[in-house]
Amino acid sequence: MKAKIPRIASSEITSPELYADRRRFMQLTAGASLASLLPTGLWAADKLPSTANPAYLLSEKTTPYKDVTTYNNFYEFGTSKEDPARNAHTLKTRPWTITVDGEVKKPKTFDIDALLKLAAMEERVYRLRCVEAWSMVIPWLGYPLAELIKQVEPTSKAKFVEFITLDDPAQMPGELSQVLAWPYTEGLRMDEAMHPLTLLTFGLYGEVLPNQNGAPVRVVIPWKYGFKSAKSIVKIRFTETQPVSSWMQAGPREYGFYSNVNPSVDHPRWSQAKERRIGEFFKRETLPFNGYAEQVAGLYAGMDLQANF
Ligand SMILES: Nc1nc2c(c(=O)[nH]1)N[C@H]1C(S)=C(S)[C@@H](COP(=O)(O)O)O[C@H]1N2
Ligand SMILES: [Mo]
């Protein structure tokens, strides 16, 4: 994790949580973005300028930066929650490209620095609900994945999108273990991938993604269990048939392709009815589609969500 070197007296440093609260307050009062309102140089990590999207603010408290960046699932760096923050420094995020191919008219390889500028960078506060029944609230920085998809012009055969993480045990020592089939792969149906909530994500809390959170680019799909949100992506492939993700291979009875957050469908080994918000003591009820039902329930009209878990 990159050290934060303050350029101002430590008594004046605003923690990322307070920073976000202050930002929200300013948005409410002035309707302007934080980046334009706060003095620069509050901290010296690699910042990522963005404009807050008021459509994606939550009244819930954001999870402290420290928890967001030290309590992670990223099996390429180990299977315990503390491993990614400890081990992910071996990941080299430049140079970095994403190759987009499969059922598209214009296959293309994007350089990460070009990708950063492809569309307007937004800040969006999303809940992230892990299948392990904990959750966080995180101010992500990115833009809709649909912006990238438009560039490559999917063919009429493109029904699904597959995301593929870097496959390099020299940088990702967890890939030496057999715990999952590497590279980590995930997938979405085309309409899910095109949905405006699906975020191609480059940062959090005003900064570029820390390695342990999936630098330099990942997806965030807030109405699905966290494992759908693949990190450190190097390939995006459009397919006619439903891809089989790493987690489906590891446990087809436990991890389905859809994996929409659903409090009424339990994981075979535990209940999904409640969740623990990291930093809180009492559990809270898990909401259908993680609280995004109004936006996404229509994607699954007529589908049996017990069978299509
Ligand atoms: N490549 C890859 N992506 C991954 C994972 C992983 O192990 N490898 N873990 C997933 C899981 S289970 C969760 S809950 C989220 C966690 O994201 P965060 O650490 O940024 O909160 O990342 C997801 N993306
Ligand atoms: Mo997860």
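Some values worked out for this structure:
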| read-out | value |
| --- | --- |
| Failed criterion for ILE233 (all others in (1) in contact (Cβ under 8 Å) with a residue 12 or more places away in the chain; (2) within 24 Å of ALA114 (Cβ to Cβ); (3) surrounded by fewer than 21 Cβ atoms within 10 Å (Cβ to Cβ) hold) | (3) |
| Residue in region 140-154 that is outside any helix (DSSP H, G or I) and either modelled with pLDDT under 95 or over 21 Å from PRO222 (Cβ atoms) (or both) present | yes |
| Positions within region 203-216 being closer than 22 Å to VAL137 by Cβ and away from ligand 2 (no atom under 13 Å from the Cβ), in sequence order | GLY203, LEU204, TYR205, GLY206, GLU207, VAL208, LEU209, PRO210, ASN211, GLN212, ALA215 |
| Residues satisfying the stated conditions in region 89-139, i.e. at positive phi and either away from ligand 2 (no atom under 16 Å from the Cβ) or not in a loop (DSSP other than H, G, I, E, B) (or both) | GLY102 |
| Breaking point among (1) hydrophobic (A, V, I, L, M, F, W, C); (2) away from ligand 1 (no atom under 16 Å from the Cβ); (3) in contact with a helix residue (DSSP H, G or I) (Cβ under 9 Å, 6 or more places away or on another chain); (4) farther than 13 Å from PHE238 by Cα, for VAL125 | (2) |
| Candidates PRO64, PRO16, PRO84, filtered to the one that is within 16 Å of ligand 1 (Cβ to nearest atom), modelled with pLDDT under 95 and surrounded by 14 or more Cβ atoms within 10 Å (Cβ to Cβ) | PRO16 |
| Residue identified as aliphatic (A, V, I, L, M) and more than 9 Å from ligand 1 (Cβ to nearest atom) among MET172, MET248 | MET248 |
| Complete set of residues in region 39-88 that are of a type in the set (S, T, N, Q), over 27 Å from LYS235 (Cα atoms) and within 16 Å of ligand 2 (Cβ to nearest atom) | THR63 |
| Filtered residue count, region 87-115, keeping only those that are touching a residue at least 60 places away in the same chain (Cβ under 8 Å) and farther than 25 Å from THR155 by Cα | 9 |
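Yes or no, residue by residue, for (1) touching a residue at least 40 places away in the same chain (Cβ under 8 Å); (2) within 30 Å of ASP101 (Cα to Cα):
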{"position": "PRO243", "(1), (2)": "yes, yes"}
{"position": "PRO252", "(1), (2)": "no, yes"}
{"position": "PRO268", "(1), (2)": "no, no"}
{"position": "GLN272", "(1), (2)": "yes, no"}
{"position": "GLN295", "(1), (2)": "yes, yes"}
{"position": "GLY298", "(1), (2)": "no, yes"}
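The values are calculated or read from the model by the stated rules, or taken from the named source; none is laboratory data. Just so it is clear, the structure is predicted and the values come from calculations on it, not from any experiment. Quick reminder, even Gly has a Cβ in these numbers, built from the backbone with ideal geometry, and neighbours come from all protein chains shown.
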